[in-house]
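**Student:** Sharing a structure below in structure tokens format, with a few things to ask.
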Amino acid sequence: MKEQAFLTSESRQRMNDKANKFLERGCIEQNGDNAWICKPILGYNIHTYTIQKLPDDTYRCNCQGFHKNKYCSHIEAVRIFISRNTPVTTESQRTFAYA
Ligand SMILES: [Zn+2]
């Protein structure tokens, strides 16, 4: 997966912590083929954000953080969400037909 923003390891860690908070509380939901929503955590924020995956494999979010840094905890959460929900395909299971 390509990196779309240059973040310090510290801000990256903070973002990852936030992303895991969203995932733990079930805030991330698929909302179409290449779109997800991030529902608010009660007492933490009040907005539902929309995250979209673009054809060039980058993500976009409608929050302030994305506007500023071109990356945000919502995108981080969606990326983790996708990696957990993508089944691993095994090459060895492929069958060949011989003529
Ligand atoms: Zn965001």
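**Student:** If you check Lys68, Lys53, which single one turns out to be out of contact with any Gly (no Cβ under 9 Å at 6 or more places or on another chain) and at pLDDT 95 or above?
**Tutor:** Lys53
**Student:** Another question about this same structure. Determine whether the stretch 11-19 contains at least one residue that is open to solvent by 80 Å² or more (accessible area, probe 1.4 Å), basic (Lys, Arg), modelled with pLDDT under 95 and in a loop (DSSP other than H, G, I, E, B).
**Tutor:** Within the stretch 11-19, none of the residues are open to solvent by 80 Å² or more (accessible area, probe 1.4 Å), basic (Lys, Arg), modelled with pLDDT under 95 and in a loop (DSSP other than H, G, I, E, B).
Matching residues to (1) assigned to a loop (DSSP other than H, G, I, E, B); (2) near the ligand (Cβ under 10 Å from one of its atoms):
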site	(1), (2)
Leu23	no, no
Trp36	no, no
Ile41	yes, no
Ile46	yes, no
Gln52	no, no
Phe66	no, yes
Tyr71	yes, yes
Ile80	no, no
Val88	yes, no
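**Student:** Please determine, by comparing only the residues of the stretch 54-64 that are near the ligand (Cβ under 10 Å from one of its atoms) and not in a strand (DSSP E or B), which one is least open to solvent (accessible area, probe 1.4 Å).
**Tutor:** Out of the qualifying residues, it is Cys63.
The values are calculated or read from the model by the stated rules, or taken from the named source; none is laboratory data. If you're wondering where the values come from, they're calculated on a predicted model, not measured in any experiment. Please note: Cβ atoms are built from the backbone with ideal geometry, for glycine as well, and neighbour counts cover all protein chains shown. Remember, those area values only see protein heavy atoms, side chains included, never the ligands or the DNA or RNA. Shrake-Rupley method; radii C 1.70, N 1.55, O 1.52, S 1.80 Å.
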